[in-house]
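The values are calculated or read from the model by the stated rules, or taken from the named source; none is laboratory data. Nothing here was measured: the structure is a model prediction, and the numbers come from that model. For neighbour counting, all protein chains shown are included, and Cβ atoms are generated from backbone atoms with ideal geometry for every residue, glycine included.
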Amino acid sequence: MSIPTLQGLQTALSGLLADQQAIDVTGHNITNANTPGYSRQVAVLQTNDPMRIAALSPTDGEGGQLGTGVSVATYMRIRNTYLDAQYRTQNASLGSATTQANELQQAQSAFDEPSTAGLATQLSAFWSAWGELANMPASEAAKVAVVSSGTQLADTLNQVSAQLQTIEAQAAQQYSAITGSSGEVQSDGSQIAQLNEQIKLSLLARQQPNDLEDRRDLLVDKLSELANVTVTRESDGTDTITFGNAAKPLVEGAKVDWPQVLTSAAGGKLGALLGLSGPEGAIAGYRTALDGVAATLAETVNGLHTSTPFFSGNTAATIAVAVTPSQVQTAEPANPGGNEVARAIAALRGGTAEQGYAALIARIGSDVKSAQSNETNSQAVVTALSEQRQSVSGVSLDEEMTNLVTFQRGYQASARALTSMDEMLDTLINHTGAVGL
Amino acid sequence: MTTRIATDMIVGSTLADINSAQAALERSQRELSSGKSISQPSDNPVGASQAIMLQSALDGLDSYEKSAHDGSAWLKTAGGALSSLNELTQRARELVVQAANGVNSQGDLNDIADEVEQLTEMAKQDADTQYAGQYIFSGTLAGTAPYAQGANDEYHGNSGAIARSVGPGATIDVTVSVKSLLGEGQAAGDGKLLDTLRTIAKNLREGTPEALKALSGHDLEAIEANLSTLGNLQAEVGAATDQITSALNRVEDLQNTTTTQLSNIQDANFAQVSMEFSSQQAAYNAALRAGASIVQESLLEFLH
């Protein structure tokens, strides 16, 4: 058996088609060089099944195999799923650390330390006002100053406490917004479920759904910032997603199971928000400590100001000055006009209330500092993993340009081969047997 | 295998480097412009809480300093009043000696009695000395004059103690008991200065030999005793003033050390921060320059 006459044309054509497809893929890569979540694709070229040619060899009569060109076996998506899993774990840590750092930073700002408007300054000014009063115990002006500095101090305590409460409430609101029916979890979960379905159908039709998978992975990446995520690839190509250590999977095939109950162990931004706004959370802890400062202040001052309590209320939110300037007590009842009470109250400076407050500031400061350094570290790890993923999946324009040149030249050469075939056939068809005509 | 570099990676890492260089620069700049190394507690949690206690301690020392100055001025006023009392008591003593020499007519004695009565009123005026609107000799009844002018010699103050806090745990009593010197006049018959002066005036107006004898005997002794009480009071004031001065010195020492401690904690180290600022500036410039030239390079520039 001989070689079919037009086989050469088919072979050259396969080269033209394969190179064209490869150039299409390169073009797809180049246009998506800046698309978030895009994984570069490669047209995997594979030789066609060879043609068996019988009795090719004149010596032993055995046949041979003639190559029939090239075709694109598949469009491969270049992706490392192991790096994806690592990236998502670290992204959850980063989401948690960033949220912690932001919220604690807000709490820190609520205290406004060090500044001339902070509680420390107000507290100090309050003691100084008592010191002034001790020098002139009969002075109405000094009594007014004591009451007004006490009122400012109480107001500042009220304000800081209210601000902390607002921060807590806002954290709870953020949590509800993200997990609510129109929140990110619901919408990302639904999109993943839809993509699952499309991917399953594509695979059944023996199509490689590269771009759909990219979009699905990008959505999972987004979810991983919110809480811990695990992904199980099922045999039909769908991904089962567990989210925030919830009891049931968030997405299973085309089904979304949301809302579910999360705890502060959910990880990510949601876990951090639950932890911060909860009754055991850091901010509630600050409020308790601030209440302690207010209670100590009221208790120690009232303990000396025996005629009538100077402060009413024993929490930071409720403390207020309960006396008028004329009720301010400077001395024991037995010693009218004396200054021993004023001096004793002024000597409370540097006492339990102040120490409690200074300790609270140290605690908030170190909480913020460690949250910030957690954030920096997580950010560094996530950046490194992200770079590793980019290194595998990202588009390199230099590489694509090189591919473009390679495939373009391949296409040109195949076209040249086709021309040669054409010229051969021309000789055969149009000029053979025409000798002497 | 070398790492494959995707185009996004170059942009991403350049941007991250520029950002971190800028963040470091911003921090140094904030330190330099505010002059403080702690602008929020997280910059230095322990330092921030120490700064709170130290600042409060410093405010407390300022308060002690004020009280000490106030107490010192109070005592100075008291000292002035006592000196004036001393002068007039000396004058009364001279008048008694002059009257007792027996060559004075009743008219002269009446003139002397007039002067002694004037001295009595002056003594009460001295006792009514005020400092910053407060009667300093009324005990704790600083709003009430200790003595009224006129015949009534009753003491209207009390025996309450007035003190000033002049240092951590240091309290100084600035009460000067003028009652122990002036007493409550003839009605009380206590032998104090007012009683003595009233008795002298009475004896002078009587002018009898017995009265004149009492003048040079009993009355002169009484006035000597009063002078010695006065001397004691002046010594007390002097001692209290010395105490306040040394308390003030201690407070000033504490102010110096506390200010130094506070400055060590919260003030920026300008030399160090300036150096850091310069090197951060250089790093930032380098990151920008490298970014600008690397991001431009691409094979696209060379293919035609």
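Here region B:1-22 is the region considered, the condition is being more than 10 Å from chain A (Cβ to nearest Cβ) and part of a helix (DSSP H, G or I), and the residue that is farthest from B:Pro168 (Cα to Cα) is B:Thr14. Within region B:96-117, the set of residues being surrounded by 14 or more Cβ atoms within 10 Å (Cβ to Cβ) and within 21 Å of B:Tyr147 (Cβ to Cβ) comprises B:Ala113, B:Glu115, B:Val116, B:Glu117.
Candidates A:Ser277, A:Ser264, A:Ser190: the one that is of a type in the set (Ser, Thr, Tyr) and modelled with pLDDT of 95 or more is A:Ser190.
Within region A:98-128, which residues are part of a helix (DSSP H, G or I), among the hydrophobic types (A, V, I, L, M, F, W, C), surrounded by fewer than 24 Cβ atoms within 10 Å (Cβ to Cβ) and more than 8 Å from chain B (Cβ to nearest Cβ)? The answer is A:Ala101, A:Ala107, A:Ala110.
This table checks each residue for (1) of a type outside the set (Lys, Arg); (2) surrounded by fewer than 21 Cβ atoms within 10 Å (Cβ to Cβ); (3) facing another protein chain (nearest Cβ under 10 Å).
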residue: B:Arg30; (1), (2), (3): no, yes, no
residue: B:Ser34; (1), (2), (3): yes, yes, no
residue: B:Asn44; (1), (2), (3): yes, yes, yes
residue: B:Ile52; (1), (2), (3): yes, no, yes
residue: B:Gly60; (1), (2), (3): yes, no, yes
residue: B:His69; (1), (2), (3): yes, yes, yes
residue: B:Gly80; (1), (2), (3): yes, yes, no
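The lone criterion from (1) outside any loop (DSSP other than H, G, I, E, B); (2) touching an Asp or Glu at 6+ places or on another chain (Cβ under 9 Å); (3) of a type in the set (D, E, K, R) left unmet by A:Arg349 is number (1). Is at least one residue of region A:385-399 without any contact (Cβ under 8 Å) to a residue 40 or more places away in the chain, of a type in the set (Ser, Thr, Tyr), surrounded by fewer than 23 Cβ atoms within 10 Å (Cβ to Cβ) and within 7 Å of chain B (Cβ to nearest Cβ)? Within region A:385-399, one or more residues are without any contact (Cβ under 8 Å) to a residue 40 or more places away in the chain, of a type in the set (Ser, Thr, Tyr), surrounded by fewer than 23 Cβ atoms within 10 Å (Cβ to Cβ) and within 7 Å of chain B (Cβ to nearest Cβ). Only a single criterion out of (1) part of a loop (DSSP other than H, G, I, E, B); (2) without any contact (Cβ under 8 Å) to a residue 40 or more places away in the chain; (3) at negative phi is not satisfied by A:Arg206, namely (3). Consider B:Asn104 carefully, then state whether it is away from chain A (no Cβ under 14 Å), over 30 Å from A:Glu132 (Cα atoms) and in a loop (DSSP other than H, G, I, E, B). In short, yes.
Just wondering, is there one or more residues in region B:184-205 that are of a type in the set (Ser, Thr, Tyr) and farther than 30 Å from B:Asn101 by Cβ? Taking every residue of region B:184-205 in turn, none turns out to be of a type in the set (Ser, Thr, Tyr) and farther than 30 Å from B:Asn101 by Cβ.
Residues that are over 20 Å from A:Arg216 (Cα atoms) and either of a type in the set (Lys, Arg) or touching a Pro at 6+ places or on another chain (Cβ under 6 Å) (or both) within region A:248-271 comprise just one, A:Lys269.
Residues in region A:133-142 that are assigned to a helix (DSSP H, G or I) and buried (at least 21 other Cβ atoms within 10 Å of the Cβ): A:Leu133, A:Ala134, A:Asn135, A:Ala142.
Sub-6 Å Cβ pairs linking a first residue in region A:24-42 that is facing chain B (nearest Cβ under 10 Å) to a second residue that is surrounded by fewer than 23 Cβ atoms within 10 Å (Cβ to Cβ) and of a type in the set (Val, Ile, Thr), at least 6 apart or interchain, are A:Ala33/B:Thr7; A:Arg40/A:Ile78, ordered by first then second residue. Restricting to region B:295-304, count the residues that are part of a helix (DSSP H, G or I) and exposed (fewer than 13 other Cβ atoms within 10 Å of the Cβ). Of the residues in that region, 3 qualify. Filtering region A:250-301 to residues that are assigned to a helix (DSSP H, G or I) and under 18 Å from the mean Cα position of the chain (by Cα) leaves A:Ser264, A:Ala265, A:Ala266, A:Gly268, A:Lys269, A:Leu270, A:Gly271, A:Ala272, A:Leu273, A:Leu274, A:Gly275, A:Leu276.
Out of B:Ala240, B:Ala225, B:Ala201, B:Ala188, which single residue is touching a strand residue (DSSP E or B) at 6+ places or on another chain (Cβ under 7 Å) and surrounded by 13 or more Cβ atoms within 10 Å (Cβ to Cβ)? After applying the criteria, what remains is B:Ala240.
Results for (1) within 9 Å of chain B (Cβ to nearest Cβ); (2) among the small types (Gly, Ala, Ser); (3) surrounded by fewer than 17 Cβ atoms within 10 Å (Cβ to Cβ); (4) not in a helix (DSSP H, G or I), shown as yes or no for each residue.
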| site | (1), (2), (3), (4) |
| --- | --- |
| A:Gly365 | yes, yes, no, no |
| A:Val368 | yes, no, no, no |
| A:Thr383 | yes, no, yes, no |
| A:Val405 | yes, no, yes, no |
| A:Ser420 | no, yes, yes, no |
| A:Asp426 | no, no, yes, no |
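Taking the criterion of being more than 12 Å from chain B (Cβ to nearest Cβ) and assigned to a helix (DSSP H, G or I), the residues of region A:313-346 that qualify are A:Pro325, A:Ser326, A:Gln327.
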